[in-house]
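Student: Handing you a structure now.
The values are calculated or read from the model by the stated rules, or taken from the named source; none is laboratory data. Remember, it's a predicted structure, so these values are computed and weren't measured experimentally. Here the Cβ positions follow ideal geometry from the backbone for every residue, glycine too, while neighbour counts run over all protein chains shown. In case anyone asks, the SASA skips ligands and DNA or RNA and just uses the protein heavy atoms, side chains included. Shrake-Rupley method; radii C 1.70, N 1.55, O 1.52, S 1.80 Å.
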Amino acid sequence: MIDFTVETEIARSPAEVFAYITDPGKLATWQTNTISAVAEPAGPLRPGTRIREVHRGPGGRELASLVEVSELEPDRVFALRMIEGSLPVDGRISLEASERGTRMRFSAHGEPSGPLRFLQPLMRAALKRQFREHCATLKGVLETSAPDGS
């Protein structure tokens, strides 16, 4: 089983962090292996909205996935469920106010099947490292940009 949480402190309000992480157009600015992310239908995200993502995988290969917003609580929770893609891992981000701004917890959970189940320990370590880097990049982007994320 893949199950881990990465915690990051960001010197921005929960509302600012939430607005940034729920904008598919900004995903590539902090998940640096992302090539594109498009919401279907376009417009504000809500539970049931699907997002088509294309990521750069090993060897530069493009990996497409389709995720669905499974939980959305403004300024507090944003969760995605994997619908189609190579890694059956769901993600959930929770936000809470802290002394320094926002405490963000990114949790990933999944159970690879078939041949991938034998690679779970390697996948868990690689994904945790990758999402730790994504969270650090998000922190850097938000803390060095204007409050509106520009």
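Student: Which one of Glu16, Glu53, Glu99 has the biggest mean-square fluctuation once the chain is modelled by GNM with Cα springs under 10 Å?
Tutor: Glu99
Student: Along the charge dipole of the range 37-103, pointing to its positive end and built from +1/-1 on Cβ of Lys, Arg, Asp and Glu, which listed residue (Pro41, Met82, Ser65) has its Cα farthest out?
Tutor: Ranked along the dipole, the leading option is Ser65.
Student: A further question on this structure: For the chain, what is the convex hull volume of its Cα atoms per residue in Å³? Walk me through the intermediate numbers first.
Tutor: Numbers: hull volume 15.7 nm³, N = 150.
Dividing the Cα hull volume of the chain by its residue count gives 104 Å³.
Student: Let me ask something else about it. Could you give the dipole magnitude of the chain about its Cα centre, charging the beta-carbon of Lys and Arg +1 and that of Asp and Glu -1, in debye to the nearest 20? Display every interim value, and only then the final one.
Tutor: Values: 19 positive and 20 negative charges, 87 e Å.
So the magnitude is around 420 debye.
Student: I would also like to ask the following. Measuring with a 1.4 Å probe in the full set of protein chains, what accessible area per residue, in whole Å², belongs to the chain? Please report the intermediate quantities before stating the final value.
Tutor: Details: 8020 Å² over 150 residues.
Value returned for the chain: 53 Å² of accessible area per residue.
Student: Can you give the calculated 222 nm mean residue ellipticity of the chain, where each DSSP H run of n ≥ 4 adds -39,500 (n - 2.57) and the sum is split over every residue, rounded to the nearest 500 deg cm²/dmol? Please list the in-between numbers first.
Tutor: Numbers: 3 runs with 37 residues, N = 150.
The per-residue figure over the chain is -7500 deg cm²/dmol.
Student: While we're on this one: Tell me the label-point distance for the pair Ser86, Arg61, using the 7 Å Cα-to-Cβ offset, in nm and rounded to one decimal.
Tutor: 0.5
Student: Over the chain, what is the mean sequence separation of C-alpha contacts under 8 Å (at least six apart), divided by residue count, expressed as relative contact order in percent? All intermediate terms of the calculation are to be shown ahead of the outcome.
Tutor: Details: 301 pairs, mean separation 46.9, N = 150.
Once divided by the residue count of the chain, the mean separation gives 31 percent.
Student: Still on this model: Could you identify which residue out of Arg12, Arg103, Arg56 has the top mean-square fluctuation in a GNM of the chain using Cα springs shorter than 10 Å?
Tutor: Arg56
Student: Let me ask you something else. Quick check: at a probe of 1.4 Å, how many percent of the accessible area of the chain sits on carbon and sulfur atoms? Intermediate results must be reported in sequence, preceding the final value.
Tutor: Numbers: 4360 of 8020 Å².
Roughly 54 percent of what the probe reaches on the chain is carbon or sulfur.
Student: Once you have a ≥ b ≥ c as the square roots of the Cα gyration tensor eigenvalues for the range 42-121, tell me rounded if a/c is under 1.5, and otherwise prolate or oblate according to whether a/b is larger than b/c.
Tutor: Numbers: a/c = 2.02, a/b = 1.53, b/c = 1.32.
Prolate, since a/c reaches 1.5 and a/b exceeds b/c.
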